[in-house]
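Input: a single structure, listed below in structure tokens.
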Amino acid sequence: MDHAAFMNALSTDLFPMLRAQGFRGSGTTLRRVMDPVIHVINVQAASGGSMCFLNLGAHLTFLPTAGEGKADAKKLKEYECVFRDRFDPPAGPAFGWPYGQNKDEMKETTAFICDHWRMYAQTFFDKYTHFPTDFVAIIEGIDASAAHPIDLLTFARIAAQIRDNTRAQSLASEALKRCPERASGLRANLNKFLRELPRI
């Protein structure tokens, strides 16, 4: 079986369930917008033509994309989201969801995805659903001394959005302290953020 056949199977088995949960779209990407939260699901064909990946993304409309671009809720791609994961198959296949050698095998795969969607993929989205509650819990639970400076800038921006400027300044300052000199773009963004943050 090939990617087109597998997409047809997902369109029949999985996508109606997702649309009932508020996802919209066609082709390989579906989105659920609950302003300011955006959820993204993407079906990515793997090289070799025998399997695919189910990519998951969550984003907030006021955040720039992972590449510092402007987020467009109607066009946002999974790889542009600041929070990302994959819905992986169970132990067995080396990686990716196999299309199968025939329709029965393909049906078995799509049935497994549907049956385990809530257990695996929905668990990811549940962490990034309610704003600001879920995101307050995230920034309160991070270890700023261990988080990557890029992530700290994201958390600082979220903190600023919910008017926790003390935490925003602390997170951005920690990021700047540990940001390598060669990461000039990130350092510039951190400095700009701290300059523009209302004084506390």
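The values are calculated or read from the model by the stated rules, or taken from the named source; none is laboratory data. Every value quoted in this text rests on a predicted model; they were computed, and no experiment measured them. So basically every Cβ, Gly included, is an ideal-geometry build from the backbone, and we count neighbours across all protein chains shown. For accessibility, only protein heavy atoms count, side chains too; no ligands or nucleic acids. Shrake-Rupley method; radii C 1.70, N 1.55, O 1.52, S 1.80 Å.
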From (1) more than 20 Å from I38 (Cβ to Cβ); (2) open to solvent by 50 Å² or more (accessible area, probe 1.4 Å), pick out the condition that doesn't hold for K75.
-> (1)
Please specify each residue of segment 152-167 satisfying the condition of being of a type in the set (K, R) and free of Cβ contacts under 8 Å to residues at least 24 places away in the same chain.
-> R163
Unique residue being under 16 Å from the mean Cα position of the chain (by Cα) and of a type in the set (G, A, S) when the list is A144, A137, A111, A121 = A121
Of the numbered conditions (1) in a loop (DSSP other than H, G, I, E, B); (2) under 22 Å from D126 (Cβ atoms), G67 fails exactly one; give the number of that condition.
-> (2)
Of (1) crowded, with 18+ Cβ neighbours inside 10 Å; (2) over 20 Å from T154 (Cβ atoms); (3) among the acidic types (D, E), D13 satisfies every one except (1)
In segment 19-51, anything free of Cβ contacts under 8 Å to residues at least 40 places away in the same chain, within 20 Å of G96 (Cβ to Cβ) and open to solvent by less than 60 Å² (accessible area, probe 1.4 Å) is listed as G27, T28, L30, N42, V43
Only residues in segment 61-80 that are farther than 19 Å from L30 by Cα and in contact (Cβ under 8 Å) with a residue 12 or more places away in the chain count as the first member; pair them with residues that are outside any loop (DSSP other than H, G, I, E, B) and charged (D, E, K, R), Cβ under 7 angstrom, at least 6 apart or cross-chain, and list the lot.
-> L63/R157; G67/E80
